[in-house]
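Q: Right, I'll just put the structure down here and ask away after.
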Ligand SMILES: Nc1ncnc2c1ncn2[C@@H]1O[C@H](COP(=O)(O)OP(=O)(O)OP(=O)(O)O)[C@@H](O)[C@H]1O
Ligand SMILES: Nc1ncnc2c1ncn2[C@@H]1O[C@H](COP(=O)(O)OP(=O)(O)OP(=O)(O)O)[C@@H](O)[C@H]1O
Ligand SMILES: [Mg+2]
Ligand SMILES: [Mg+2]
């Protein structure tokens with residue numbers, strides 16, 4: 001194991017606090033510990049409710065948000081203590097794909113700029129011809145025709161086309177880690193498969209770790225090794241995709257997986273699921289954050305904050321239903337993770 | 001046209017009547033660029049019945065948003081409607097004056113745009129954003145008090161499942177799902193008879209997605225409106241829609257009831273699209289349809305899907321296939337079905 005990025009008990013809050021603050025505080029990420037490992041490059045899905053802190057978590061991993069509490073480490077070193085050189089190396093090695101393709105562009109530049117600029121900035125190409133080839137290869141990997149894409153302004157492209165250019169940009173840089181925030185939410189199923197397949201190839205062939213934030217649990221199941229599920233800033237369940245998707249344990253994960261719209265018109269949704277109660281602010285909740293919507297709620301859930309309990313070797317749930325399983329000794333949720341390669345090695349040695 | 005006669009659908013509780021709500025005929029929308037004409041929507045025709053839920057799917061860049069914007073007559077230069085008509089409740093929208101069209105928007109047809117969450121004004125309270133349209137559409141001799149407006153805003157919020165107090169907030173104080181609901185509340189504020197929703201939930205988790213789509217469905221039924229849903233999520237389409245239309249390279253290549261199209265897709269593109277849907281039951285090779293869509297500037301002589309089509313034959317390169325009827329409310333544009341049924 002060699003840790004590339006680590007979060008140690010990281011909390012990120014927004015909003016005013018204290019006596020004179022007035023407004024309410026949002027705990028966007030609540031005491032999260034995890035590791036992105038370099039030797040075992042995995043694809044890890046981050047799923048969860050809209051507003052549960054997924055994007056905030058990526059921004060913490062990117063170093064663009066400073067933790068309110070806890071630390072972020074890069075190659076074992078506190079991120080806030082990096083030298084300029086180390087910081088520049090980090091910027092090259094960790095590439096984000098931002099959630100909103102509408103905001104990632106400067107409307108006055110042609111889209112070529114988002115691909116040109118990093119090549120220049122990190123001096124990735126030796127010649128103009130090489131630069132051109134790199135850009136064209138990356139565009140083709142995401143199903144874009146270079147001559148139909150280059151030379152255009154952002155508004156001349158469709159939503160999915162803009163989104164794919166952002167993916168192409170990350171692919172082009174061949175970093176150590178890709179943090180992809182909803183990279184394919186605006187493209188069709190077939191293209192989603194094509195793009196995610198390129199991402200998976202990068203993971204396998206070049207050993208790039210990928211954090212894949214998505215609402216699409218079906219593709220998450222297909223391409224990722226591990227998954228973590230967030231609810232109001234807390235990681236409520238984590239483990240290998242096989243464990244979590246095939247047998248979800250936390251009631252929120254169960255609701256989430258039940259709600260996946262099946263492409264079968266003969267088998268339609270039942271009644272509407274219960275809504276989140278936004279009236280209770282994050283700081284007012286003393287027990288479990290899901291208690292107000294939970295079908296399995298017990299009295300204690302309203303007052304006792306659940307810890308992370310180990311359901312099996314490769315699965316944890318933050319839910320009092322599993323209290324008897326014992327609290328995890330290692331707070332790092334990624335200790336339950338396993339890559340496909342590790343699973344194969346483990347199976348072979350048995 | 002027989003009024004109020006129900007037509008068959010598979011969706012429980014659907015109230016689709018035989019009254020035409022929207023009739024699109026031979027619609028073409030082109031963008032004129034330095035390199036040539038981008039035929040983003042080319043000769044598209046379809047009909048929506050009152051109460052019907054129509055889903056428009058298709059490859060990214062196939063012209064769905066362009067079509068939706070053209071129905072609203074919001075096409076911006078260098079885009080223009082090259083041909084065709086858009087008839088809503090027996091009125092051809094393409095012939096309306098700009099002023100008449102402005103009145104029709106929101107009150108007769110409303111758009112929840114792609115990325116609607118970002119379309120809210122960041123420095124304006126939600127209440128104002130909900131009621132501006134209402135004030136705008138008041139006739140010269142009408143007036144409305146502040147109190148009435150405020151009450152309307154609160155009612156609208158309740159109808160989309162939000163607390164009335166949200167009216168006092170600014171967009172940045174809301175989550176993505178809440179903003180999306182606000183955009184939807186604006187869309188229904190003037191009780192339109194057609195709601196066009198362009199990827200209304202692609203940024204939301206599946207629980208909220210389901211709540212929003214079910215809310216939208218309920219609102220639509222309450223208004224007896226029809227709906228056109230643009231989206232990529234075939235699961236959502238299967239859950240929500242009555243009818244599906246599939247676009248490829250600017251053309252509508254297949255239309256039919258969702259059950260029939262999912263159960264027995266006809267066009268080779270639709271077949272491959274449905275086959276490429278991943279499943280939660282088994283992990284398998286995860287690959288899309290090989291190849292790329294054609295350049296919309298240089299469309300081929302023949303069928304635009306020909307070079308990626310596993311069933312192609314000699315005829316496909318020669319001419320563009322016309323729409324053929326292959327069953328009840330079922331059309332497909334593919335030479336494979338020539339000679340089958342009436343055309
Ligand atoms: N800059 C900010 N200022 C104030 N609050 C914020 C800020 N960024 C995020 N939040 C709040 O923190 C919470 C988590 O937001 P975040 O964007 O991380 O959610 P998310 O899981 O990415 O949601 P989505 O799936 O909708 O993208 C939300 O309640 C959000 O309103
Ligand atoms: N202003 C413009 N000038 C030139 N071409 C344009 C312009 N706007 C859109 N296009 C092109 O028209 C085609 C259709 O775009 P449109 O946005 O309608 O696609 P879409 O089906 O909605 O795609 P997506 O699913 O990715 O949102 C695309 O190939 C796009 O590049
Ligand atoms: Mg986000
Ligand atoms: Mg679009």
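Q: Anything in segment A:216-235 that is in a strand (DSSP E or B) and within 12 Å of chain B (Cβ to nearest Cβ)? List them, or say none. Working first, answer last.
A: Filtering segment A:216-235 for residues in a strand (DSSP E or B) gives A:226-231, A:234-235.
Residues satisfying the conditions are A:229, A:230, A:231.
Q: Right, next: Please determine, by comparing only the residues of segment A:40-58 that are more than 14 Å from ligand 3 (Cβ to nearest atom) and part of a loop (DSSP other than H, G, I, E, B), which one is nearest to the other protein chains (Cβ to nearest Cβ).
A: A:42
Q: Can you tell which of B:273, B:252, B:295, B:277 is in a strand (DSSP E or B) and either within 8 Å of chain A (Cβ to nearest Cβ) or under 30 Å from residue B:35 (Cβ atoms) (or both)?
A: The match here is B:252.
Q: Looking at the structure I just gave you, is residue A:95 in contact (Cβ under 8 Å) with a residue 12 or more places away in the chain and within 16 Å of ligand 1 (Cβ to nearest atom)? Give the steps one after another, and end with the answer.
A: Numbers: in contact (Cβ under 8 Å) with a residue 12 or more places away in the chain: yes; within 16 Å of ligand 1 (Cβ to nearest atom): no.
Against the criterion (in contact (Cβ under 8 Å) with a residue 12 or more places away in the chain and within 16 Å of ligand 1 (Cβ to nearest atom)), residue A:95 does not qualify.
Q: Would you mind stating whether residue A:144 is touching a residue at least 12 places away in the same chain (Cβ under 8 Å), assigned to a loop (DSSP other than H, G, I, E, B) and either within 16 Å of ligand 3 (Cβ to nearest atom) or within 15 Å of residue A:196 (Cα to Cα) (or both)? Can you show your working first?
A: Numbers: touching a residue at least 12 places away in the same chain (Cβ under 8 Å): yes; assigned to a loop (DSSP other than H, G, I, E, B): yes; either within 16 Å of ligand 3 (Cβ to nearest atom) or within 15 Å of residue A:196 (Cα to Cα) (or both): yes.
For residue A:144, the condition - touching a residue at least 12 places away in the same chain (Cβ under 8 Å), assigned to a loop (DSSP other than H, G, I, E, B) and either within 16 Å of ligand 3 (Cβ to nearest atom) or within 15 Å of residue A:196 (Cα to Cα) (or both) - is met.
Q: Still on this structure, I have one more. Tally time: how many residues in segment A:252-268 are more than 8 Å from chain B (Cβ to nearest Cβ) and crowded, with 22+ Cβ neighbours inside 10 Å?
A: Counting residues in segment A:252-268 that are more than 8 Å from chain B (Cβ to nearest Cβ) and crowded, with 22+ Cβ neighbours inside 10 Å gives 2.
Q: Could you please find all residues in segment A:127-164 being under 24 Å from the mean Cα position of the chain (by Cα), within 15 Å of ligand 2 (Cβ to nearest atom) and modelled with pLDDT of 90 or more? Can you show your working first?
A: Going residue by residue through segment A:127-164, those that are under 24 Å from the mean Cα position of the chain (by Cα) are A:138-139, A:141-143, A:159-164.
Applying the additional criterion that residues be within 15 Å of ligand 2 (Cβ to nearest atom) yields A:139, A:142-143, A:159-164.
Selection gives A:139 alone.
Q: Among A:155, A:113, which is the only one that is in a helix (DSSP H, G or I), without any contact (Cβ under 8 Å) to a residue 60 or more places away in the chain, surrounded by fewer than 19 Cβ atoms within 10 Å (Cβ to Cβ) and within 16 Å of ligand 4 (Cβ to nearest atom)?
A: Sole residue among the options that is in a helix (DSSP H, G or I), without any contact (Cβ under 8 Å) to a residue 60 or more places away in the chain, surrounded by fewer than 19 Cβ atoms within 10 Å (Cβ to Cβ) and within 16 Å of ligand 4 (Cβ to nearest atom): A:155.
Q: Residue under question is residue A:175, and the condition is that it be more than 7 Å from every other protein chain (Cβ to nearest Cβ), within 16 Å of ligand 1 (Cβ to nearest atom) and part of a loop (DSSP other than H, G, I, E, B); does it hold?
A: No, not satisfied.
Q: So in segment B:198-224, with the set limited to residues that are within 16 Å of ligand 1 (Cβ to nearest atom) and assigned to a helix (DSSP H, G or I), which one is farthest from the other protein chains (Cβ to nearest Cβ)?
A: Filtering segment B:198-224 for residues that are within 16 Å of ligand 1 (Cβ to nearest atom) and assigned to a helix (DSSP H, G or I), the one farthest from the other protein chains (Cβ to nearest Cβ) comes out as B:212.
Q: What is the number of the single condition among (1) in contact with a helix residue (DSSP H, G or I) (Cβ under 8 Å, 6 or more places away or on another chain); (2) surrounded by fewer than 24 Cβ atoms within 10 Å (Cβ to Cβ); (3) farther than 17 Å from residue B:276 by Cβ that residue A:219 does not meet?
A: (3)
Q: State whether the residues of segment A:72-80 include one that is within 15 Å of the chain's Cα centre (by Cα) and within 16 Å of ligand 1 (Cβ to nearest atom).
A: The answer is no; no qualifying residue exists.
Here's the yes/no breakdown for (1) farther than 24 Å from residue B:104 by Cβ; (2) in contact with a strand residue (DSSP E or B) (Cβ under 6 Å, 6 or more places away or on another chain); (3) at pLDDT below 95; (4) more than 16 Å from ligand 4 (Cβ to nearest atom):
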{"site": "B:30", "(1), (2), (3), (4)": "no, yes, no, yes"}
{"site": "B:36", "(1), (2), (3), (4)": "yes, no, yes, yes"}
{"site": "B:44", "(1), (2), (3), (4)": "no, yes, no, no"}
{"site": "B:53", "(1), (2), (3), (4)": "no, yes, no, yes"}
{"site": "B:56", "(1), (2), (3), (4)": "no, yes, no, no"}
{"site": "B:61", "(1), (2), (3), (4)": "yes, no, yes, no"}
{"site": "B:67", "(1), (2), (3), (4)": "no, yes, no, no"}
{"site": "B:70", "(1), (2), (3), (4)": "no, yes, no, no"}
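Q: Report, by residue number, each residue of segment A:59-102 that is more than 14 Å from every other protein chain (Cβ to nearest Cβ) and either within 16 Å of ligand 2 (Cβ to nearest atom) or part of a strand (DSSP E or B) (or both). Show your work before the answer.
A: Taking segment A:59-102 and keeping what is more than 14 Å from every other protein chain (Cβ to nearest Cβ), we get A:59-97.
Within segment A:59-102, A:69, A:70, A:71, A:72, A:73, A:74, A:77, A:78, A:94, A:95, A:96, A:97 meet the criteria.
Q: Are any of the residues in segment A:116-135 within 10 Å of chain B (Cβ to nearest Cβ) and either surrounded by fewer than 16 Cβ atoms within 10 Å (Cβ to Cβ) or part of a helix (DSSP H, G or I) (or both)?
A: no
Q: Can you say whether residue A:237 is within 16 Å of ligand 2 (Cβ to nearest atom) and touching a strand residue (DSSP E or B) at 6+ places or on another chain (Cβ under 7 Å), as far as the supplied structure shows?
A: So residue A:237 fails the test.
Q: Would segment B:60-79 turn up any residue that is more than 9 Å from ligand 2 (Cβ to nearest atom) and more than 27 Å from residue B:132 (Cβ to Cβ)?
A: So far as segment B:60-79 goes, no, none of its residues is more than 9 Å from ligand 2 (Cβ to nearest atom) and more than 27 Å from residue B:132 (Cβ to Cβ).
Q: While we're here: Yes or no: segment B:209-217 includes at least one residue that is within 16 Å of ligand 2 (Cβ to nearest atom), over 16 Å from residue B:129 (Cα atoms), under 23 Å from the mean Cα position of the chain (by Cα) and modelled with pLDDT under 85.
A: Looking only at segment B:209-217, we keep the residues that are within 16 Å of ligand 2 (Cβ to nearest atom), and these are none.
No; the residues of segment B:209-217 include none that is within 16 Å of ligand 2 (Cβ to nearest atom), over 16 Å from residue B:129 (Cα atoms), under 23 Å from the mean Cα position of the chain (by Cα) and modelled with pLDDT under 85.
Q: Let me ask something else. Answer yes or no as to whether residue A:76 is surrounded by fewer than 20 Cβ atoms within 10 Å (Cβ to Cβ), at positive phi and touching a residue at least 40 places away in the same chain (Cβ under 8 Å).
A: Criteria met by residue A:76.
Q: Here is a follow-up. Could you figure out which of (1) more than 13 Å from chain B (Cβ to nearest Cβ); (2) free of Cβ contacts under 8 Å to residues at least 60 places away in the same chain; (3) in contact with a helix residue (DSSP H, G or I) (Cβ under 9 Å, 6 or more places away or on another chain) isn't true of residue A:238?
A: Result: residue A:238 fails condition (2) only.
Q: For segment A:183-215: of the residues being within 7 Å of chain B (Cβ to nearest Cβ) and within 16 Å of ligand 3 (Cβ to nearest atom), which is modelled with the highest pLDDT?
A: My answer is A:215.
Q: Let me ask something else about it. Select from segment B:49-63 the residues that are in a strand (DSSP E or B) and either within 16 Å of ligand 1 (Cβ to nearest atom) or facing chain A (nearest Cβ under 8 Å) (or both) and list them in ascending order. Can you show your working first?
A: From segment B:49-63, those in a strand (DSSP E or B) are B:49, B:53-58; that's our starting set.
Passing the criteria: B:57, B:58.
Q: Looking only at segment B:11-30, decide whether some residue is within 12 Å of another protein chain (Cβ to nearest Cβ), on the phi < 0 side of the Ramachandran plot and within 16 Å of ligand 2 (Cβ to nearest atom).
A: Scanning segment B:11-30, I find no residue that is within 12 Å of another protein chain (Cβ to nearest Cβ), on the phi < 0 side of the Ramachandran plot and within 16 Å of ligand 2 (Cβ to nearest atom), so the answer is no.
The values are calculated or read from the model by the stated rules, or taken from the named source; none is laboratory data. Remember, it's a predicted structure, so these values are computed and weren't measured experimentally. Virtual Cβ from ideal backbone geometry, glycine too; neighbours counted across all protein chains shown.
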